[in-house]
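Reviewing the structure listed below.
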Amino acid sequence: DVRDKEENLGLAIAAYCEALQVRTRAAFPVQYATTQNNLGAAYGGLSEVRDKEQNLGQAIAAYSEALKVRTLAAFPVDYAGTQNNLGNAYGGLAEVRDKEENLGRAIAAYTEALKVYTLAAFPVNYAMTQNNLGRLYLQQGNLAQAERAFGEAERVFREQGLVDWANRAAEALKHVQEQMRRGG
């Protein structure tokens, strides 16, 4: 992996915060939203190294700020990307606290992303999001929804020629189906 990950993410966070002194929502809304999204990603990365709960909270706050500009109507693709990032952050937070509540929030964010990441327009993003939903439904114990999501992800990954991703989705699907056969 990259050297000095924690230090570099700390420097990135400091730089994004400094940029937000100029890139305000009022003066530069698009750049503000981009910087907030990047800040969220940096906090998300830092959560993998230390203070998971605190840093994911910071990531969620930054993504929420970005979504004040990156709306579905004004910037649909950016909206979907930030919703996906928000789903990742809530999914990580579910591992630390308030599992059901945060899984629900993650699922809601991924579902929002699917308003843009449709099968027709963005098949790979659609499949990735379905795969993410499958993981969350599995964590919830919602095996029928997990089966549907992983099955859809596998199908689309295969259609797109993404064999490794398709195989991973197929393995997850097989795991879910085995659990279903055992009765949960």
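FRET efficiency for Ser64 and Arg181, Cβ-Cβ distance as r, R0 = 35 Å, nearest 0.05?
Working: r = 41 Å, r/R0 = 1.16.
The formula returns an efficiency of 0.30 here.
In the structure displayed, which of Lys52/Lys115; Lys5/Lys115; Lys68/Lys115 lie more than 26 Å apart, Cα to Cα? Please report the intermediate quantities before stating the final value.
Values: Lys52/Lys115 29 Å; Lys5/Lys115 34 Å; Lys68/Lys115 17 Å.
Correct reply: Lys52/Lys115; Lys5/Lys115.
Leaving out ligands and nucleic acids, note down the accessible area per residue over the chain with a 1.4 angstrom probe, in whole Å².
Value for the chain: 52 Å² per residue.
Could you compute how fast the range 89-154 diffuses translationally, taking Rh as the Kirkwood radius over C-alpha pairs and applying Stokes-Einstein at 37 °C with viscosity 0.692 mPa s? Give it in µm² per second.
The estimated diffusion coefficient comes to 280 µm²/s.
Rounded to the nearest 10 degrees, what's the angle between the helix 29-47 long axis and the longest principal axis of the chain, both from Cα atoms, 0 to 90?
Compared with the principal axis, the helix lies near 60 degrees.
Over the chain, what is the relative contact order in whole percent, taking alpha-carbon pairs under 8 Å and six or more residues apart? Can you show the working numbers first?
Details: 236 pairs, mean separation 22.7, N = 184.
The value is 12 percent.
Of the residues Ala66, Ala19, Ala33, which exhibits the maximal mean-square fluctuation in a Gaussian network model of the chain defined by a 10 Å Cα contact cut-off?
Answer for the Gaussian network model of the chain: Ala19.
In debye to the nearest 20, how big a dipole does the range 60-110 give about its Cα centre with +1 on each Lys and Arg Cβ and -1 on each Asp and Glu Cβ?
100
Helix 123-140 against the longest principal axis of the chain: what's the angle in degrees, Cα atoms only, rounded to the nearest 10?
Result, in degrees: 80.
In nm, to one decimal, how far is the Gln31 label point from the Leu143 one, both placed 7 Å along Cα→Cβ?
5.4
Mind checking the angle between helix 76-94 and the chain's longest principal axis? C-alpha axes, 0 to 90 degrees, to the nearest 10.
70
Please state the equivalent ellipsoid semi-axes for the range 10-76: what are the square roots of 5 times the Cα gyration tensor eigenvalues, largest first, in whole Å?
21, 14, 7
Once you order the gyration tensor axes a ≥ b ≥ c over the Cα atoms, which shape class does the range 40-117 get: rounded for a/c under 1.5, otherwise prolate or oblate by comparing a/b with b/c? Before the final figure, lay out each step's value.
Working: a/c = 2.51, a/b = 1.53, b/c = 1.63.
Oblate, since a/c reaches 1.5 and b/c is not below a/b.
Any idea what diffusion coefficient the range 53-184 gets from Stokes-Einstein, in µm²/s, Kirkwood Rh on alpha carbon pairs, 4 °C, 1.567 mPa s?
On the way: Rh = 15.1 Å.
Reported coefficient: 86 µm²/s.
Gain in length, Lys99 to Asp4, computed as 0.36 nm per residue apart minus the alpha-carbon separation, to one decimal in nm?
31.1 nm is the gain from fully extending Lys99 to Asp4.
Express the relative contact order of the range 92-184 as a whole percentage, based on alpha carbon pairs under 8 Å and six or more residues apart in sequence.
Contact order relative to length: 21 percent.
The values are calculated or read from the model by the stated rules, or taken from the named source; none is laboratory data. These numbers were taken from a predicted model, which means no experiment stands behind them. Using ideal geometry, Cβ is built from the backbone for each residue, glycine included, and neighbour counts are taken over all protein chains shown. The protein model used for the area step is the full one, side chains on, heavy atoms only, and it has no ligands, DNA or RNA in it. Shrake-Rupley method; radii C 1.70, N 1.55, O 1.52, S 1.80 Å.
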